[in-house]
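Here is the structure we will look at.
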Amino acid sequence: MSKQEMLQLIEKKRAELIDIVLKYGLNSTISIKYSQELDTLLTQYIKEDLPRKNQVYS
């Protein structure tokens with residue numbers, strides 16, 4: 001998956017999370033599930049992007 005595709009997926013999940021939180025509340029089970037999914041995507045993005053940044057600064 002390209003960096004741009006990953007960012008689009010993260011943005012989509014973030015928007016979904018906001019909608020879910022507004023509908024069900026911050027501490028609802030579904031809000032927590034969406035938040036964890038967003039965390040996973042962000043972690044994956046950082047892990048994939050970090051080696052690229054290290055190459056630039058090396």
Exercise. Once the Cα atoms of helix 29-57 and of the chain are each reduced to a long axis, what angle between those two axes, in degrees from 0 to 90 to the nearest 10, is obtained?
Worked result: 10
Exercise. Can you list the lysines whose alpha carbon sits under 29 Å from that of Lys23, skipping same-chain ones fewer than 8 residues off?
Worked result: Lys12, Lys13, Lys33
Seminar exercise, completed: Summing -39500 (n - 2.57) over every DSSP H run of at least 4 in the chain, dividing by its residue total and rounding to the nearest 500, the 222 nm mean residue ellipticity is -31000 deg cm²/dmol
Exercise. Helix 3-24 versus the longest principal axis of the chain: what angle, 0 to 90°, nearest 10, using Cα atoms?
Worked result: 20
Exercise. Rounded to a whole number of µm²/s, how large is the Stokes-Einstein D of the range 3-57 at 20 °C and 1.002 mPa s, given Rh as the Kirkwood radius over C-alpha pairs?
Worked result: 177
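Read-outs: derived from the displayed coordinates by stated rules, not from any lab. Being a predicted model, the structure only gives us computed values, none of them experimental.
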